[in-house]
Amino acid sequence: MQHASLLLLLPSLAGALLMFPQVEFRDECMKAMCEEDSGCLPEGCTPDSAGRLGCGYFKLNIYQYKVCVCVI
């Protein structure tokens, strides 16, 4: 029973740990994308049009994140 409670708590805890109070940009293009995707507000995670969970200022889903990590 305790494991079920922990599993329910993990997504909100992970979201809280990934939020930053503000973002600074050196690139106007990145700033514009942030504004369009989330208004540059740390609102947590929401489903996209395909039902994938997008998180953070750019509302990246896990597939987009993996592409970014592999490119770096």
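Values in this text are rule-based calculations from the coordinates and carry no lab data. This one's a predicted model, so the numbers in the text were calculated from it and none came from an experiment. Neighbour counts run over all protein chains shown; Cβ positions are idealised from the backbone, glycine included.
Here the residues SER38, SER49, ranked from fewest to most Cβ neighbours within 10 Å of their Cβ, fall in the order SER49, SER38.
The 3J(HN,Hα) values that the Karplus relation (6.51, -1.76, 1.60; θ = phi - 60°) gives for region 53-59 are, in residue order, 7, x, 10, x, 4, 9, 6 Hz. Gly and Pro appear as x. Our estimate of slack between GLU36 and SER49, defined as 0.36 nm per intervening residue step minus the Cα-Cα distance, is 3.1 nm. Here the simple spin-label model places points 7 Å from the Cα toward Cβ, and for GLN64 and CYS29 these points are separated by 1.6 nm.
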